[in-house]
Amino acid sequence: MPKLPIVSGSEAVKALQRLGFTVVRQKGSHVILQQDRCGCVVPNHREIKTGTLAGILKQAGVSVDDAIAEMSMQKSLHIH
């Protein structure tokens, strides 16, 4: 399994949105996203630890490779 990057909660939410998830609601610092009947909860923190991110991806049913591709694409957009 590839190594997960350290990302912020907002970066994780944006990557999941590009993968088809929509924000359903937010309670405190936790953003709830949903795609069809599959949902996940993302803490909107400055940094999400890699273990937490792995759990979010597992809960969402998203492969690590797809998530890394979306997050790296997002970071490359900010550089240029």
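The values are calculated or read from the model by the stated rules, or taken from the named source; none is laboratory data. The model shown is predicted, which means the values in this text are computed figures rather than measured ones. All Cβ positions, even for glycine, are placed from backbone atoms using ideal geometry, and neighbour counts span all protein chains on display.
Overview of results
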quantity: Qualifying residue in region 6-14 (condition: surrounded by 14 or more Cβ atoms within 10 Å (Cβ to Cβ), touching a Lys or Arg at 6+ places or on another chain (Cβ under 6 Å) and within 16 Å of Met73 (Cα to Cα)); calculated: yes
quantity: Test: Leu57 is of a type in the set (A, V, I, L, M), part of a strand (DSSP E or B) and either on the phi > 0 side of the Ramachandran plot or surrounded by 14 or more Cβ atoms within 10 Å (Cβ to Cβ) (or both); calculated: no
quantity: Odd one out for Gly51, checked against (1) exposed (fewer than 15 other Cβ atoms within 10 Å of the Cβ); (2) touching a residue at least 40 places away in the same chain (Cβ under 8 Å); (3) part of a helix (DSSP H, G or I); calculated: (2)
quantity: Extreme residue, modelled with the lowest pLDDT, among residues of region 47-80 that are hydroxyl-bearing (Ser, Thr, Tyr) and closer than 19 Å to Val31 by Cα; calculated: Thr50
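Table: residues versus (1) more than 12 Å from the chain's Cα centre (by Cα); (2) among the charged types (D, E, K, R).
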position: Gln26; (1), (2): yes, no
position: Ile32; (1), (2): no, no
position: Arg37; (1), (2): yes, yes
position: Gly51; (1), (2): yes, no
position: Gly55; (1), (2): no, no
position: Ile68; (1), (2): no, no
